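The values are calculated or read from the model by the stated rules, or taken from the named source; none is laboratory data. Note that the coordinates shown come from a computational prediction; the quantities given were computed from them, not determined experimentally. A quick note on method: Cβ atoms are made from the backbone with ideal geometry, for glycine too, and the neighbour counts reach across all protein chains shown.
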Amino acid sequence: MTRDELQASVERYTATFHRHDPAALAAFHAPDGIVESPMYATLKGRAAIEDAYRAFFTSFPDAATTNDVTIVDGSTVANFVTISGTHVNEFYGMPGTNRRMAFRMARLLEMDRGLIARERRVYDFTGVLVQVGVLKAKPTRPIDD
C-alpha cells in the first residue's frame with residue numbers, strides 16, 4: 001500500500017471508532033491479527049479484538065479519539081492519538097463513576113495487504129485507572145480535551 005492509502009486507512013479507522021462499531025473495527029485487523037494492549041493484554045484474532053472493542057465501548061459509551069500525528073514508513077504506521085470518554089459502566093470491577101478520562105496513546109501498526117497484522121499500543125494505563133477511580137492516587141494534571 002502507498003503512504004496515502006495507509007493514511008486513508010487510519011482516517012477510516014478513526015471514523016469507524018466514532019461509530020462505536022466493534023465488528024467493523026476488528027475488520028481492520030488481519031484474521032489472525034495480534035493486538036498488544038496494557039488494558040486488554042495480548043489479543044489474538046479478530047474475535048478477541050472485537051470483544052475488547054465492545055468491552056471498551058460498554059465502559060465508555062461516549063468514547064472519542066483524535067488523531068494527533070500519523071507517521072508512515074513503508075508498511076509500518078505510527079499513529080499518535082488522544083482518547084477520551086466517560087466511565088459509565090463497569091470497568092475492571094468498578095461500576096460506572098461518570099468520571100471523564102483522557103489519555104494519549106501511541107499505536108504502532110504493522111500492516112500486511114492493507115490489514116493490521118500486529119498492533120502495539122503504548123499508554124499510561126495506571127493513569128486511566130486513577131482517572132476513573134479504580135485506583136486511588138494523587139493524579140497528575142489531566143489532559144485537556
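The rows are residues; the columns are (1) closer than 20 Å to Ser9 by Cβ; (2) in contact with a strand residue (DSSP E or B) (Cβ under 9 Å, 6 or more places away or on another chain); (3) among the charged types (D, E, K, R).
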site: Thr70; (1), (2), (3): yes, yes, no
site: Val77; (1), (2), (3): yes, yes, no
site: Phe80; (1), (2), (3): yes, yes, no
site: Tyr92; (1), (2), (3): no, no, no
site: Asn98; (1), (2), (3): no, yes, no
site: Phe103; (1), (2), (3): no, yes, no
site: Leu108; (1), (2), (3): yes, yes, no
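At least 1 residues being among the polar types (S, T, N, Q) and farther than 28 Å from Thr2 by Cβ is the threshold, and among the strands (runs of 3 or more DSSP E) wholly inside the range 34-145 those reaching it are 41-44, 76-86. The requirement of being over 13 Å from the mean Cα position of the chain (by Cα) and not β-branched (Val, Ile, Thr) is not satisfied by Asp21.
Considering the range 19-33, the residues that are assigned to a helix (DSSP H, G or I) and either among the small types (Gly, Ala, Ser) or modelled with pLDDT under 95 (or both) include one that is nearest to Met105 (Cα to Cα), namely Ala26.
Confirm whether Gly114 is of a type in the set (Gly, Ala, Ser), in contact (Cβ under 8 Å) with a residue 24 or more places away in the chain and surrounded by fewer than 16 Cβ atoms within 10 Å (Cβ to Cβ). Criteria met by Gly114.
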